[in-house]
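Chemist: Below is a structure I'd like to ask you about.
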Amino acid sequence: MADKLIIFDTTLRDGEQSPGASMTKDEKIRIAKQLERMKVDVIEAGFAAASPGDFESIKAIASIIKDSTICSLSRANDRDIARAAEALQAAQRKRIHTFIATSPLHMEKKLRMTPDQVLEQAIQAVRYARNFTDDVEFSPEDGSRSDMDFLCRVLEAVIKEGATTINFADTVGYAVPELYGNMLKSLRERIPNSDKAIWSVHCHNDLGMAVANSLAGVMIGGARQIECTINGLGERAGNTALEEIVMAVRTRKDYFDLQLGIDISQIVPASKLVSQITGFAVQPNKAVVGANAFAHASGIHQDGILKARDTYEIMRAEDVGWTANKLVLGKLSGRNAFKQRLEELGIELESETEVNAAFARFKELADRKAEIFDEDILALVSDEEHAHNNDAFHYVSLSQRSETGELPFAKVVFTSEGREVTCEGNGNGPVDAIVNAIDSKVQSGAELLLFSVNAITTGTQSQGEVTMRLSKAGRIVNGVGADPDIVVASAKAYLSALNKLQSKTEKLNPQI
Ligand code: KIV
Ligand code: ZN
C-alpha cells in the first residue's frame with residue numbers, strides 16, 4: 001500500500017503573513033470550514049501568542065472543525081506553548097508546532113544565542129509541549145541554511161523528547177530541489193531515531209522553487225508531510241501552493257505513488273474564497289486555479305481537444321471544481337433556492353435575520369444583473385458579513401460625474417459609528433475623487449499601495465471586485481469591495497481598508 005502524504009495547510013498562519021492579508025475571525029472560520037470540506041489533514045489555524053485576535057480565531061476553529069487536526073504555531077518558550085495549548089483546548093485533534101532558528105546567522109544575529117542555548121531551548125519546548133498533546137511538531141527555522149552536524153544534534157534531541165513531526169524549513173526560499181532533498185535524506189540517515197518522527201517540508205517561493213523543493217523533499221528526502229497554502233499565499237513570494245502539490249502528486253501517481261486524502265473538487269472554491277477574502281487576486285496563468293489554466297487558445301490545441309481531450313489536457317477542469325460560471329440563480333429565484341445554494345456553497349449564516357438580509361441584497365443585485373453566479377453569492381455574503389460586524393464605516397451610496405475636459409467629481413454617503421456622513425471631492429479620476437471625498441471627512445493619513453480591479457465572472461455585466469491596499473504607521477491592510485459598478489466597488493474597498501486600519505483586533509505584525 002502506498003504511503004500517505006499528509007497535507008498541512010498554513011494559509012491561516014503563514015499565508016496570513018502576506019502584507020495586508022490579515023483576516024478576521026469570521027473570515028478564518030469560513031476558510032477553515034472550506035479546508036475541512038477539502039479534507040486537509042492538518043490546519044495551522046494561527047499563532048496563538050501573536051495577538052488576542054489570533055488566539056480567539058484558533059479557539060473558535062478548534063471548537064468548530066472536527067475532521068482535520070488543528071494546529072497552533074508557538075515560539076520555543078513556555079508562554080507561547082501554554083497559549084497555544086489553551087487556544088487548542090476544544091480541538092478533537094490538536095497539534096502544537098514549536099520552532100526555533102538553527103542557522104548560524106539567525107542564532108547569532110537574531111536570537112543572540114549560542115548553539116548550545118538553542119539546543120537546550122528546543123528540548124525544553126518540546127518537553128513542555130508534550131504536557132498538552134502527544135502531537136508535537138518541531139521546526140528548525142532557516143533549517144536549509146543550518147549546519148548539518150548541529151541540525152543532527154538538535155533534531156535527534158527533540159525526537160527523543162517526543163516531537164512526532166520534524167519540519168525542515170526553507171524559511172527564506174534559498175533551497176534548490178536536489179540539494180534540499182539530499183539534505184533531508186542525509187538528516188534521516190544520520191539521525192538514529194529519525195524513524196520515530198514523520199518528516200515534513202516547508203518551503204518558501206523566493207526563487208520560484210517552493211513546489212519543486214517540496215516534491216524533492218518527498219521523493220529524495222522521504223518527507224511524508226508537505227506544508228503549503230491555498231494559491232501559494234504567503235509573505236514575499238509566498239509558500240508552496242497546495243493546489244499544485246496535490247495535482248502534481250495525483251496526476252503523476254505513476255511517479256510519486258503516494259496516497260492523498262484531498263477532495264480535489266474543492267480546490268477551485270477554496271482558491272476563490274481565499275482570494276476574495278484576502279484581496280490577493282490569482283494570476284490568470286497560475287497552474288490549476290488561474291482563469292487560463294484550462295483555456296486552449298491555439299487552433300491546433302482546440303482541434304486536438306475536440307478530437308480527444310487528453311491530447312492537450314493532463315487534468316480536467318471540472319475535477320478541480322471549475323464550474324464554467326454555471327448560472328445558479330436569477331431575478332425570479334426565491335428565498336429557499338437562495339438558502340439552498342448558500343448551503344451547497346458551505347456558507348452557514350448564523351440566523352434567519354442574516355439569511356433575510358443576504359437575500360434582500362441578492363434581490364437588489366438580481367435587479368441589476370440578470371445572471372447570478374456562485375462567485376457573486378460569495379462576494380455578497382462577504383459584504384453582508386462586513387455590514388454586521390463592528391466596522392466603523394459602512395458604505396451607503398454615491399454619485400459620480402466624469403466628463404471629457406472636466407475634473408471628475410464624487411459625492412459619497414457613508415456611516416461613521418452609525419452616523420450618516422456626506423462628503424464631496426474631486427480627483428484626477430473617479431477613484432481618486434471618491435478617495436479624496438472620503439478622506440475629506442476621515443483624514444486617514446494612509447498611503448495607497450495597490451489598487452486592482454478584477455471581473456468576478458465573465459461578461460460586461462460582471463461585478464467588479466476591487467482591492468485597495470493601504471499602509472499607515474507600519475501597518476498594511478487590504479480592503480475588498482464588489483459591485484457591478486466599479487466606482488462603487490472602489491468606495492466599498494476603500495472603506496473596508498479604512499475599517500481594517502482602525503480595527504483594534506488587527507495585529508501589527510503576525511510574524512515571529
Ligand atoms: O518559514 C518558516 O520557517 C516558518 C516556520 C515557523 C516553520 O514558517
Ligand atoms: Zn514559513
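Chemist: Using a Cα-Cα cut-off of under 30 Å, which lysines could be cross-linked to Lys185, ignoring same-chain neighbours fewer than 8 residues away?
Modeler: Output for Lys185: Lys4, Lys39, Lys94, Lys109, Lys110, Lys160, Lys196, Lys253.
Chemist: For every helix of n ≥ 4 consecutive DSSP H residues, a contribution of -39,500 (n - 2.57) applies; sum these over the chain, divide by its total residues, and give [θ] at 222 nm rounded to the nearest 500 deg cm²/dmol.
Modeler: Computed ellipticity for the chain at 222 nm equals -12000 deg cm²/dmol.
Chemist: With a Förster radius of 60 Å, plug the Cβ-Cβ distance of Ile305 and Glu108 into 1/(1 + (r/R0)^6) and report the FRET value to the nearest 0.05.
Modeler: Calculated value: 0.60.
Chemist: Heavy atoms only, probe 1.4 Å: what % of the accessible area of segment 390-502 goes to carbon and sulfur, would you let me know?
Modeler: 45
Chemist: Once R0 is set to 25 Å, what does the formula 1/(1 + (r/R0)^6) return for the Cβ-Cβ distance between Lys39 and Ala287, expressed as a FRET efficiency to the nearest 0.05?
Modeler: For R0 = 25 Å, the calculated efficiency reads 0.75.
Chemist: Can I ask one more? Provide the per residue accessible area, probe 1.4 Å, for the chain, rounded to a whole number of square angstrom.
Modeler: Dividing the accessible area of the chain by its residue count gives 43 Å².
Chemist: Classify segment 228-327 as rounded, prolate or oblate, taking a ≥ b ≥ c as the square roots of the eigenvalues of its Cα gyration tensor: rounded when a/c is under 1.5, otherwise prolate if a/b is larger than b/c and oblate if not.
Modeler: Verdict is oblate for segment 228-327.
Chemist: Relative to the compact globular guide of 2.2 N^0.38 Å, what is the alpha carbon radius of gyration of the chain, as a ratio?
Modeler: With N residues counted in the chain, Rg over 2.2 N^0.38 Å equals 1.02.
Chemist: Here's something else I'd like to know. If I take all pairs of Cα atoms in segment 1-151, what percentage of them are more than 27 Å from each other?
Modeler: The answer is 25 percent, as a whole percent.
Chemist: Taking the Cα centre of each part, how many Å lie between segment 178-214 and segment 297-367?
Modeler: For segment 178-214 versus segment 297-367, the Cα centre distance is 39 Å.
Chemist: Let me ask something else. Of all the accessible heavy-atom surface of segment 3-278, with the other protein chains kept in place and a 1.4 Å probe, what percent is carbon and sulfur?
Modeler: With neighbouring chains kept in place, the figure for segment 3-278 is 49 percent.
Chemist: Here is a further query. Using a 1.4 angstrom probe with every protein chain in place, what is the largest-first accessible-area order of Tyr174, Tyr395, Tyr312?
Modeler: From most exposed to least exposed: Tyr174, Tyr312, Tyr395.
Chemist: As an exercise, use a Förster radius of 51 Å and the Cβ-Cβ distance of His296 and Asp116 to find the FRET efficiency, rounded to the nearest 0.05.
Modeler: Once the sixth-power term is evaluated, E becomes 0.30.
Chemist: Here is a follow-up. Angle between the Cα long axis of helix 25-37 and the longest principal axis of the chain, 0 to 90 degrees, nearest 10?
Modeler: The two axes meet at around 60 degrees.
Chemist: Output the antiparallel fraction of DSSP beta bridges having both residues in segment 3-278, as a percent to the nearest 5.
Modeler: 5
Chemist: Still on this model: Which distance in nm do the two modelled labels at Glu403 and Asn182 give, with both placed 7 Å along the Cα-to-Cβ direction?
Modeler: In this crude spin-label approximation the distance works out to 7.2 nm.
The values are calculated or read from the model by the stated rules, or taken from the named source; none is laboratory data. Given the structure is predicted, the values throughout are model-derived calculations rather than measurements. Ideal geometry is used to build each Cβ from the backbone, glycine not excepted, and the neighbour counts take in all protein chains shown. Calculation scope for accessible area: heavy atoms of the full protein, side chains included, ligands and nucleic acids excluded. Shrake-Rupley method; radii C 1.70, N 1.55, O 1.52, S 1.80 Å.
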